[in-house]
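Where a number appears in this text, it was derived from the coordinates with a stated rule and is not lab data. Predicted, not measured: the structure shown is a model, and the values here were computed from it. For neighbour counting, all protein chains shown are included, and Cβ atoms are generated from backbone atoms with ideal geometry for every residue, glycine included.
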Amino acid sequence: MSGLSAFYLRYCGLRVRIAPFRMKADFETVKTVAAIDELLNRADLINAGADPGGRFNISAGHTVENYISRACRYIEALERGELPLRGMFAEPGLSLIDHSFIEKDGKMHLFYIRGAIGYEWDTRPQDTFGHAVTDDLINWEILPPCLSTRKGGHDDYQIWAPAVIKKDGLYYMFYTGVNINVAQAICLAASRDLTVWERHPENPVLRPGSWGEWSAERWSDCRDPMVLHDNGAYYIYYCSAKRQNGKKPYPALGIASSEDMISWRDEGAYCFDFCDFALESPFAIKRGELYYLFYTNSGKGTEYAVSDNPVTGWKRLGTLLKKEGVPESRAFVPSCSEVFEFKGQWYISCCERQPGCEQYLEIFKLAWNTDGTAAVGEKLM
């Protein structure tokens, strides 16, 4: 038919091909169809002239061809009888980003950022935490969102990176509260059942120490909290930036300690020469007498370091999850990893960001070598 653009003809052709799969009710197909819908809708908006830049002009991957080609690959896989997103969990139509696991009554609970496929965080604010539960780390029951932004608090713009830990029958969720100026600070909510959460009345509970460049009036780094319990003390690790003699602040790992997880004592900030760009999503565990720090090395992937104490002396051990030939942005690597034991098996998670803000949870088996190093095994499917 004359007058129809090549894009519109291609768009409609893909819609026709995906339509029969809308009749299916299994979760894997529903999830894939929802992702295809989001990819095609974003391609349609960009083709119509919608600006993908957002507040900070983060544009890597936001092209018509990227979205169309990704949708096409998924459709072709479904037509071959394959499930292209098998082993990759997210709510249908959403991205799953920073997350936290905690076990309760033999089941694993997952809390996570609910992101938008096709949109950066500065274009579609990340304003709720999702909640899902499983007994096998493969099949998930999606529960209602558990926490949202709230008017009047420091977290009135966005909430990022939940981290849940249990103490004396109470669950504590530390998370990044973000105000409209993108000033980040660590906030706290508590729950007795992992379902109903109440914010701490004095949020935020933690900001960087005097070493940090922090102000509520401008972008300030204080995000991705994680808490380690060790011999009666609690250590919180978070991403920040350290002041450098009048020079541009350098990305750093902030650490604080506490006995009650309410009042925190600053333990300083540490800049690691084994991170080329920035250290994100720190996650620490203690195994035997050693402390292991897992983190995202932007541009490389998930790496880890070891120390004989929870505060200093970290030595890089290597990369556990990586992606070769990272396209366009340092963000497109396996990231947000957590390490945990469930039913006698160790695991490591990640959420590998794809160009155009498509991201899913993936979980791999993890083995510990006799020399104290770790090895990533097969992915759970």
From the Cα gyration tensor of segment 295-381, with a ≥ b ≥ c the square roots of its eigenvalues, which class applies: rounded if a/c is under 1.5, or else prolate if a/b is larger than b/c, or else oblate?
oblate
Peptides ranked, highest mean first, by Cβ atoms within 10 Å: ranges 341-351, 289-299, 7-17
289-299, 341-351, 7-17
Whole-Hz couplings from phi, Karplus 6.51/-1.76/1.60, listed for segment 341-350; x for Gly and Pro
10, 9, 6, x, 10, 8, 9, 10, 9, 7
Hz values of 3J(HN,Hα) by residue in segment 248-262 - Karplus curve (6.51, -1.76, 1.60), Gly and Pro given as x:
4, x, 9, x, 8, 9, x, 9, 9, 10, 7, 9, 10, 6, 10
For helix 27-47, what angle does its Cα long axis make with the longest principal axis of the chain, in degrees from 0 to 90 and rounded to 10?
80
Alpha-carbon centroid distance for the pair segment 137-154 / segment 238-304, whole angstrom
26
Rounding to the nearest 10 and keeping the result within 0 to 90°, find how far the Cα-based axis of helix 64-79 lies from the longest principal axis of the chain.
80
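Using per-residue counts of other Cβ atoms within 10 Å, averaged over each peptide, order 227-235, 124-132 from highest down.
Working: 227-235: 15.0, 124-132: 19.8.
Going by the mean number of other Cβ atoms within 10 Å, highest first, we get 124-132, 227-235.
Take every Cα pair under 8 Å in the chain that's 6+ residues apart, average their separations, divide by the length, and report that relative contact order as a whole percent.
Over the chain, the number comes to 11 percent.
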For a quick check: with amide H placed at 1.01 Å from N, whose amide H comes under 5 Å from LEU380's, ignoring anything fewer than 5 positions away on the same chain?
ILE363, PHE364, LYS365
Cut-off under 5 Å, modelled amide H: who pairs with ARG114 long-range:
THR128, GLY130
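On a full-extension model of 0.36 nm per residue, what is the gain between LYS247 and LYS167, subtracting their alpha-carbon distance, rounded to one decimal in nm?
Net length gain for the segment: 24.7 nm.
Compute the FRET efficiency between ALA367 and LYS323 as 1/(1 + (r/R0)^6), taking r as their Cβ-Cβ distance and R0 = 35 Å, and round to the nearest 0.05.
Efficiency, rounded to the nearest 0.05: 0.95.
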Based on the alpha-carbon gyration tensor of segment 228-381 and its eigenvalue square roots a ≥ b ≥ c, which shape applies: rounded if a/c is under 1.5, prolate if not and a/b is larger than b/c, or oblate?
oblate
Can you list the residues, at least 5 places off or on another chain, whose amide H is less than 5 Å from the amide H of LYS104, using H built in the peptide plane?
HIS109
For the chain, with equal point scatterers placed on the C-alpha atoms only and solvent neglected, what are the log10 I(q)/I(0) values from the Debye formula at q = 0.12 1/Å, to two decimals?
-0.94
Residue-wise HN-Hα coupling along segment 279-295, computed from phi with Karplus coefficients 6.51, -1.76, 1.60 (Hz; x: Gly, Pro)
9, 10, 6, x, 8, 10, 9, 10, 9, x, 9, 10, 10, 10, 10, 9, 7
